[in-house]
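Note sheet for the following structure.
Bear in mind these aren't lab numbers, they're just calculated from the coordinates by the rules spelled out. Please read these numbers as outputs of a predicted model, since none were measured by experiment. Cβ sites come from the backbone with ideal geometry, for glycine too, and all protein chains shown count toward neighbours.
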Amino acid sequence: MEDLSSAIRNHQPLVVGAVGDHRVLDASIAEADCDLIELRLDSLGFGPEVQDFANKNKVAHPILLTARHPDEGGMNDFSVSDRAAAYSALLDHASLIDLELQSLDDLASIWAESGERGLVRVASWHNFTSCPSTAELRSIMTRMQEAGADIAKCAFRLQDPADLQRVAEAFHEAPLPLSIMGMGPLAPASRLLAARLGSVLNYGYLGQEAIAPGQWPAGFLKEAIRLA
């Protein structure tokens, strides 16, 4: 894989292998499995076994840290202080960090420190119930850009096949690199479509269980993108 920053600037479709199951921490992650590893700290916590896994894998697979807000799919009802502690414990091992747009004020110090360290900063937004309008998506992405994000990540529910057009429309004159995905029955198709249109972070899962609705196994997604 080319340099991470260059890959993002060039809109290379990278596959993120999401880890939310402690059993994966004992596994060996192969190059064919994914391009990056996301550690879901809201599920895994931030103990020594998580830090050891990150340290072991960060050279071959850049580490993306996520401690998701409970309102946007986070597990274990992590408080703001819990999430801040989780991020702080793993920052030395990370190349990327994900914070929800709604959390940028509460976790402003983490967001600022990540920028100072030169991490790729992903601002995210999730809607598990409906598909946003094109205007709403553009407003969200503009706010992310103004906050200093390097990547805008937007995940939303697709109600019917016509909503796939919203995925395509998101890329038209986007203000910054995008990571776009659908949720619901059309999620698998939307994820491959988005990768072909230039989504820079495309999420699959490592282990036996999906972390979010509609995720592919990361290795299958990487092979599908390669063949598309």
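Could you check the simple spin-label distance between Phe220 and Gln165, using points 7 Å along Cα→Cβ, in nm with one decimal?
3.0 nm
Once both labels are modelled 7 Å past Cα along the beta-carbon direction, what's the Asn55-Ala228 spacing in nm?
Result: 3.7 nm between the two label points.
In terms of modelled amide H atoms, which long-range or inter-chain residues lie less than 5 Å from the amide H of Val120?
Those lying under 5 Å, H to H, from Val120 are Leu96, Ile97.
Go through the range 16-24 residue by residue and turn each phi into a ³J(HN,Hα) via Karplus (6.51, -1.76, 1.60, θ = phi - 60°); whole Hz please, and just put x for glycine and proline.
These are the phi-based 3J(HN,Hα) values: 9, x, 7, 10, x, 10, 4, 5, 5 Hz.
May I ask you to derive the FRET efficiency for Asn10 and His172 from their Cβ-Cβ distance with R0 = 25 Å, giving the value to the nearest 0.05?
0.85
Please compute the contact order of the chain in relative form: average sequence separation of alpha-carbon pairs under 8 Å and at least six residues apart, divided by the residue count, as a percent.
Rounded, it is 22 percent for the chain.
I need Val80, Val15 ordered by Cβ neighbour count within 10 Å, fewest first.
Val80, Val15
Suppose R0 equals 22 Å. What FRET efficiency, 1/(1 + (r/R0)^6) with r the Cβ-Cβ distance, do Val80 and Asp26 give to the nearest 0.05?
According to the calculation, E is roughly 0.10.
So, by mean Cβ neighbours within 10 angstrom, what's the order for 97-107, 81-91, 129-139, 197-207 with the highest one leading?
The packing order, highest mean first, is 197-207, 97-107, 81-91, 129-139.
When the Cα atoms of the range 1-153 are enclosed in a convex hull and the volume is divided per residue, what value in Å³ results?
Residue-normalised Cα hull volume stands at 119 Å³.
Would you list the P(r) distribution for the range 69-186, with all Cα-Cα distances sorted into 5 Å bins from 0 and each bin expressed as a whole %?
2, 11, 22, 21, 18, 13, 8, 3, 0
Hey, what number do you get for the chain at 222 nm if only DSSP H runs of n ≥ 4 count, each worth -39500 (n - 2.57), divided across all residues, to the nearest 500?
Helices in the chain give a 222 nm mean residue ellipticity of -10000 deg cm²/dmol.
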